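Undergrad: Following this message is one structure expressed as structure tokens.
The values are calculated or read from the model by the stated rules, or taken from the named source; none is laboratory data. The shown structure was predicted, so the numbers you read here are calculated from the model rather than taken from an experiment. With ideal geometry, Cβ positions are generated from the backbone for all residues, glycine too; neighbour counts draw on all protein chains shown. These accessible areas exclude ligands, DNA and RNA; they are computed on the full protein's heavy atoms, side chains included. Shrake-Rupley method; radii C 1.70, N 1.55, O 1.52, S 1.80 Å.
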Amino acid sequence: MNILGLYNYWIVVVLMMIGFYIVIAHENLIKKLVGVSIFQTSVFFFYISMGKISGATAPILDEKWQLYSNPLPHVLILTAIVVGIATTALGLALVVRIQEAYGSVEENEIQVQDVQDRMECQLEAYGFRQEHVFSVQKLEE
């Protein structure tokens, strides 16, 4: 077997690594969704590549064809594409809601704001108000 003859599998591996890198390296939630979509597309290519049989035809019974291709992987990929589009749309809707709630789509900014909100809630639960926190900060300056 020739290594270059399996170029479709090399494309799958490259797309998987690109998608995985985007998800891991970027803080922007929209970029993470794009990375997940690229990774998902590589999985689609992988299943389609596995379902291809050289010299085979569609499973239509005919005397001149002896080798048939299994249509199940292709049908599963059509379903996976629909599910992938739906989950991407849901992810984008969640990013819009996060943008409205936090004012940012950067992961680290959202985490910092979330920690600050949690601290303010804990201070308020113990009887400190926002004015007290600001007055303490002014005294320290």
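Undergrad: Given the options L67, L29, L92, L33, name the one that is touching a strand residue (DSSP E or B) at 6+ places or on another chain (Cβ under 9 Å) and modelled with pLDDT of 95 or more.
TA: L29
Undergrad: Which residue pairs have Cβ atoms under 8 Å apart, sit 6 or more places apart or on different chains, and have a first residue in the stretch 105-127 that is of a type in the set (S, T, N, Q) and a second that is open to solvent by less than 80 Å² (accessible area, probe 1.4 Å) and part of a helix (DSSP H, G or I)?
TA: Here the result reads Q113/Y102, each pair linking the stretch 105-127 to a residue that is open to solvent by less than 80 Å² (accessible area, probe 1.4 Å) and part of a helix (DSSP H, G or I).
Undergrad: Would it be correct to say that I81 is at pLDDT 85 or above, open to solvent by less than 90 Å² (accessible area, probe 1.4 Å), in contact with a Ser or Thr (Cβ under 7 Å, 6 or more places away or on another chain) and in a helix (DSSP H, G or I)?
TA: Against the criterion (at pLDDT 85 or above, open to solvent by less than 90 Å² (accessible area, probe 1.4 Å), in contact with a Ser or Thr (Cβ under 7 Å, 6 or more places away or on another chain) and in a helix (DSSP H, G or I)), I81 does not qualify.
Undergrad: Taking the condition loosely packed, with under 14 Cβ neighbours inside 10 Å and either assigned to a helix (DSSP H, G or I) or touching a strand residue (DSSP E or B) at 6+ places or on another chain (Cβ under 8 Å) (or both), does Y47 pass?
TA: The answer is no for Y47.
Undergrad: Give the stretch 66-88 a look and list any residue that's within 15 Å of S37 (Cβ to Cβ) and touching a residue at least 24 places away in the same chain (Cβ under 8 Å), or say none.
TA: Answer for the stretch 66-88, where residues must be within 15 Å of S37 (Cβ to Cβ) and touching a residue at least 24 places away in the same chain (Cβ under 8 Å): I77, A80, I81, G84, T88.
Undergrad: Can you spot a residue in the stretch 51-59 that is within 14 Å of the chain's Cα centre (by Cα) and either part of a helix (DSSP H, G or I) or modelled with pLDDT of 95 or more (or both)?
TA: no
Undergrad: Kindly list the number of the only condition in (1) closer than 30 Å to Y102 by Cβ; (2) in contact (Cβ under 8 Å) with a residue 40 or more places away in the chain that fails for V34.
TA: (2)
Undergrad: Further question on the same structure: Just the residues that are loosely packed, with under 13 Cβ neighbours inside 10 Å and among the charged types (D, E, K, R), please, taken from the stretch 108-123.
TA: Selection gives D114, D117, R118.
Undergrad: Still on this structure: Since E63 meets every condition but one in (1) closer than 20 Å to L6 by Cα; (2) assigned to a loop (DSSP other than H, G, I, E, B), which condition does it not meet?
TA: (1)
Undergrad: Would you mind finding the one in E63, E27 that is among the acidic types (D, E) and free of Cβ contacts under 8 Å to residues at least 60 places away in the same chain?
TA: On inspection, the qualifying residue turns out to be E63.
Undergrad: Within the set of pairs 6 or more residues apart or between chains, which connect a residue that is modelled with pLDDT under 90 inside the stretch 1-20 to a residue that is in a helix (DSSP H, G or I) with Cβ atoms less than 8 Å apart?
TA: Going by the 8 Å Cβ cut-off, the qualifying pairs are N8/F45; N8/S49; Y9/F46; Y9/S49.
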